[in-house]
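Data block below; observations after.
The values are calculated or read from the model by the stated rules, or taken from the named source; none is laboratory data. Source: prediction; values computed, not measured. Neighbour counts run over all protein chains shown; Cβ positions are idealised from the backbone, glycine included.
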Amino acid sequence: DYGGRERRVRVRPGVMDRVADRLFVGTAADAASLDDNGVTAMVSLIHDAPTADLGGTVVSVPLVDGPQCDSAAFGRAIDETRDLLAAGETVLVHCAAGASRSPSVAATALALRSGRGLKPPSSRSPKRGRQSILTRRSLTG
């Protein structure tokens, strides 16, 4: 709920975001700048086949935004991302807007890879007026 306001996501085609060493998130349009960023593998979360000629590994794991997201497919996308990173690949995880599915997969893969796991937020009340974090049940199982 956005307080009755429409949520708008600004898409920056061709400008993928580096979220960690050898890991980027972005949109399908970012395929045009793969070489510029040294990307050697791509995890595509869209339902259309990726059109980029990467010359490397392309893994397609179509996901749906929102509560109807298949948790098994979400887990597969995370596993594929972790496996590619472990193999030394530089990975772009992309969806249509680069604002929900791809950051969720990348953040979860990084958390699991670091050994931090996926602990729910503390039950203590937030300090200094911070809002509590809500976990999307569809993305965490």
- Message: Condition check: under 21 Å from R76 (Cα atoms), more than 16 Å from the chain's Cα centre (by Cα), surrounded by fewer than 18 Cβ atoms within 10 Å (Cβ to Cβ) and modelled with pLDDT under 80. Does A32 satisfy that?
- Response: no
- Task: Taking the residues in segment 55-68 that are under 23 Å from S114 (Cβ atoms) and touching a residue at least 24 places away in the same chain (Cβ under 8 Å) as candidates, determine which candidate is surrounded by the most Cβ atoms within 10 Å (Cβ to Cβ).
- Result: L63
- Message: Please go through (1) at pLDDT 95 or above; (2) on the phi > 0 side of the Ramachandran plot for E80 and return the number of the only condition it doesn't satisfy.
- Response: (2)
